Amino acid sequence: MVITRRGRRVRAAVSLLCAGLMLLGGQLWAAERSELSASTALGAPGERPAAPSAPSSPFAGRLLVYVSHGFMPSTAAKLRAALHGPMTGVYGGEVYVAGAAVGYPQVPVQAFTTDPADYAAAAGRPGLARQLATGLVFSGSGARLRRVVAGDTLRMADGRVLPVAAVVDDHLLGGYEVASGPRILRELASRPASYLLLADGGDPRRTTEVVRQTLAGRRVRVKADGDNGYMSSIDTVLTQAQVKLRFGEFAMRVDPGTDGVLVPDPVWTSRWIVSTHVPQLGEVKCNKAIVGDLTAAMREVTARGLGWTVHSADFARQGGCYNPRLARVSNGVALSAHSWGIAVDINVDTNPLGATPRQDARLVAIMARHGFSWGGRWLRPDGAHFEWVGPGQS
């Protein structure tokens, strides 16, 4: 076949066009993959969340350190004198974004503040320092919930309008929804530090002993990795962002004249909260998405002749599931999983908060098989508490 000069020009133009389309397609696919990796993979209610994926591992060589009741400035100063290497304090809690529902003016958002330069160094992301210092830095999951991108602004419940400086991978914020420096999220800066990130040679056992000797009488936990993939003190259960992305989030109000009683928007409660009968427990008010797992667990308890391990009368008196309130183990700075109706308290009479747990090991194992993590293994034990995290628990 003879190709003319004009034909050669046409073929060259077509080749360039195809190459351009292939390059554009590759760029779009790379952008799509980047956007997907910015937030935690999420399944339907009843599925355990997929492990979050990060493009590279932040906090390399750092240890996660937390103790019961957090770190006061004097406590952190003692540790600085006893330990070697840089130490970064992270101050976590709830902040409140302006809500759109009439009569329910605030939406709780799990956030932290920290020293921008120290945190960026701990994460191995130098550019993060400027972003934390100049505005709100959202995790991918937090940005999905707020529907924001870098350059937007966000109105807080107290009327402040704050700039959104960046959206980053969930790993960089330890599973929190948003973070910023203390000049911006000043309401968190005066609280005890929730956890520390420590560069101290990467030996958790040695560091644990030093912390225990320095802070005698305190419960201590030192880890090189978080149990759920996040380097933060919320490393044993679903993060609040993961809970919201499965069960929705609610605006709320605090009832005046009460001891801080929280009232979620009834539109949310009517969608998710139901009352039903569960074997061994009786009438339970719970999130409808976990009722199946809870019922299956209690049926297994019954079938195995272990009904005596569940104190039914105590559950009716002081147990329960749905109860919108602050978490007792968070020093009053975070919402309890009971606020979403995804945690259940069983045998409160023999398992007071902070005491040595006294649950039957077979009950704990059955609950784990049906997706409930046990609070008896927490740093400050809550032996009555079982919290839904999805199937696959050990």
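The values are calculated or read from the model by the stated rules, or taken from the named source; none is laboratory data. What you see is a predicted model; the values in this text were computed from it and never measured. Cβ atoms come from the backbone with ideal geometry, glycine included; neighbour counts cover every protein chain shown.
Whether any residue in the range 95-113 is under 21 Å from the mean Cα position of the chain (by Cα), without any contact (Cβ under 8 Å) to a residue 40 or more places away in the chain and not in a strand (DSSP E or B) is what I want to check. Among the residues of the range 95-113, not one is under 21 Å from the mean Cα position of the chain (by Cα), without any contact (Cβ under 8 Å) to a residue 40 or more places away in the chain and not in a strand (DSSP E or B), which makes the answer no.
Is at least one residue of the range 233-240 closer than 30 Å to residue 59 by Cα, in contact with a strand residue (DSSP E or B) (Cβ under 6 Å, 6 or more places away or on another chain) and of a type in the set (Ser, Thr, Tyr)? Within the range 233-240, one or more residues are closer than 30 Å to residue 59 by Cα, in contact with a strand residue (DSSP E or B) (Cβ under 6 Å, 6 or more places away or on another chain) and of a type in the set (Ser, Thr, Tyr). Taken together, 366, 342, 346 contain a single residue that is within 19 Å of the chain's Cα centre (by Cα) and either surrounded by 16 or more Cβ atoms within 10 Å (Cβ to Cβ) or not assigned by TED's automatic domain parsing to the domain that holds residue 263 (or both), which is 342.
When restricted to residues that are in contact with a strand residue (DSSP E or B) (Cβ under 9 Å, 6 or more places away or on another chain), of a type in the set (Gly, Ala, Ser) and farther than 30 Å from residue 148 by Cα, the range 52-105 contains 4.
Scanning the range 270-295 for residues that are closer than 18 Å to residue 385 by Cα and part of a strand (DSSP E or B) yields 278, 282, 283, 284, 285, 286, 287.
Tell me yes or no: at least one residue of the range 223-236 is in contact with a Gly (Cβ under 6 Å, 6 or more places away or on another chain), assigned to a strand (DSSP E or B) and touching a residue at least 60 places away in the same chain (Cβ under 8 Å).
no
Of the helices (runs of 4 or more DSSP H) lying entirely inside the range 114-222, none contains at least 1 residues that are modelled with pLDDT of 95 or more and outside the structural domain of residue 79 (by TED's automatic domain parsing).
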